[in-house]
Amino acid sequence: MRRKLLLVAGVVISLLLVVSLVIASENSVLAEYSGTTAHSSYPVVYESNESISLATPPKSSTVYIAVQADEPLKSLLENRLSERVRERGLRPIVVEVGDLPKVQLKGRVLFVYVSSLNEKDGFLVRIVTVDAIAYYSTAGDIVDFLSALQKCSKGVSSSDTERLMEIVSHETEANMDTKRIPGDAVFMYWEGLKAKSGILANSDPYMMLADYIADEIISGMRSVGDSK
């Protein structure tokens, strides 16, 4: 009987060690909900010779990058996005959100807004969770997006990132069409985006989030034929 109890105890201890090892080695990034949508606005132009063409924004290699988030995620995102944009053959310029002009930018614009950021230490693992939205415009139209964000965020729960992005994107798209601003816009969101890093994984959950979000944004930029 004693030998059987020792055997069972040994099996239980072995299982606990295996489970602990798996948890301590965990290295993952996963969002509960996420989505991407794009909008194109190319109004018709009637030329003096009665020909018809589509208005197009001037080609620009400059991408203004603004990130509204707590540190250290803010700096990590700025650096990662700058690297990825540069790899696309474009010229990144990091600006502070408060420095964004009240008029259309002379170049492309990329804005990331992290509405919530939470960190906790679990059993043998460090977890960082964020809710975030991102906006990219080839026309440099940041005013309409920020105005829509400020207007719509008052009536939407801070935890409902999907709903906020849906309302803000519709408002921004309508403004683009009404003002006849030529260009493409991409809207992205991540709700409950969670990075887990075990104590044996030798990784930083903030860096993992920055890499993940940056890669997702670059994928969104490619969806509208982003190029120099």
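Miscellaneous remarks
- Above-threshold pairs, the threshold being 23 Å between Cα atoms, out of Lys102/Lys194; Lys151/Lys179; Lys151/Lys194; Lys74/Lys194: Lys102/Lys194; Lys151/Lys194
- Within the accessible area of the range 27-226, the carbon and sulfur atoms contribute 47%, probe 1.4 Å, all protein chains present.
- Simple label model, 7 Å out from Cα along Cβ direction - Asp215 to Val156, nm: 2.6
- Rounded to 5, percent antiparallel among DSSP beta bridges of the range 27-226: 80
- Take 133-141, 146-154 and order them by the average number of nearby Cβ atoms within 10 Å per residue, most first; the result is 133-141, 146-154.
- Projected label distance in nm at Arg163 and Ile93, using a 7 Å step from Cα toward the beta-carbon: 3.8
- Amide hydrogen proximity for Thr62: with H placed 1.01 Å from N in the peptide plane, the residues at 5 or more positions away or on another chain lying under 5 Å are Arg91, Arg108.
- Distance (nanometres) between label positions extended 7 Å along Cα→Cβ at Asn118 and Ser40: 4.0
- Burial order of peptide ranges 29-41, 166-178 (average beta-carbon count within 10 Å, highest first): 166-178, 29-41
- Packing, taken as the mean count of other beta carbons within 10 Å per residue, orders the peptides 69-82, 180-193 from highest to lowest as 180-193, 69-82.
- Placed amide H near Gly35: partners under 5 Å, 5+ positions off or other chain: Tyr189
- Stretching the chain fully between Asn202 and Glu71 yields a gain of 45.1 nm (0.36 nm per residue, less the alpha carbon separation).
- ³J(HN,Hα) computed for each position of the range 174-187 - Karplus, 6.51 cos²θ - 1.76 cosθ + 1.60, integer Hz, glycine/proline x: 5, 5, 4, 5, 5, 8, 6, 8, x, x, 10, 10, 10, 10
- If you plug the beta carbon distance of Leu30 and Asp177 into 1/(1 + (r/R0)^6) with R0 = 35 Å, you get a FRET efficiency near 0.50.
The values are calculated or read from the model by the stated rules, or taken from the named source; none is laboratory data. As the structure is a prediction and not an experimental result, all values here were calculated from the model. So basically every Cβ, Gly included, is an ideal-geometry build from the backbone, and we count neighbours across all protein chains shown. All accessible areas refer to the heavy atoms of the entire protein, side chains included, with ligands and DNA or RNA removed. Shrake-Rupley method; radii C 1.70, N 1.55, O 1.52, S 1.80 Å.
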